[in-house]
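Structure first, then comments.
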Amino acid sequence: MSSIYLPKDALKLVMAVKGITRDALSKKSKVPSRKIDLILNGMNSQPTEEVLKQLADYLGVSIDALAGNEEIIGAEKFIFSEIPKNTSEGAFK
């Protein structure tokens with residue numbers, strides 16, 4: 001079985017886009033909250049294919065999206081919301 005690297009921020013982003021909490025994700029996907037916590041905290045960046053499939057199926061995305069290799073529709077509003085409002089040259093120093 002091959003392992004897939006899962007960046008913690010990709011799962012966080014999908015959860016934010018879908019409006020899903022860790023507790024809801026755990027309950028609905030049947031993945032223990034401890035496993036989800038490990039992924040979200042970057043302590044398990046290579047979950048099993050079974051866990052990836054359970055998360056992806058419930059979230060309605062592909063495993064590639066969870067791995068950060070595929071566009072997540074709706075993500076742009078979360079990514080760009082962190083850009084400083086004052087984008088003058090001095091804002092980035």
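None of the figures in this text is laboratory data; all of them are computed from the coordinates on show. All of these numbers come straight from a predicted model, not from anything done at the bench. As a convention, Cβ positions derive from the backbone with ideal geometry for all residues, glycine included, and neighbour counts pool all protein chains shown.
Overview of results
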quantity	calculated
³J(HN,Hα), Karplus 6.51/-1.76/1.60, whole Hz, each residue of the range 43-57, x for Gly, Pro	8, 9, 8, 9, x, 5, 4, 4, 5, 4, 5, 4, 5, 4, 4
Long-range lysine pairs (8 or more apart or interchain), the range 15-56, Cα under 15 Å	6
Approximate spin-label separation E50-I63, in nm, with each point projected 7 Å along Cα-to-Cβ	1.4 nm
Length gained when the stretch T21-E70 is fully extended (0.36 nm per residue, less Cα-Cα span)	15.5 nm
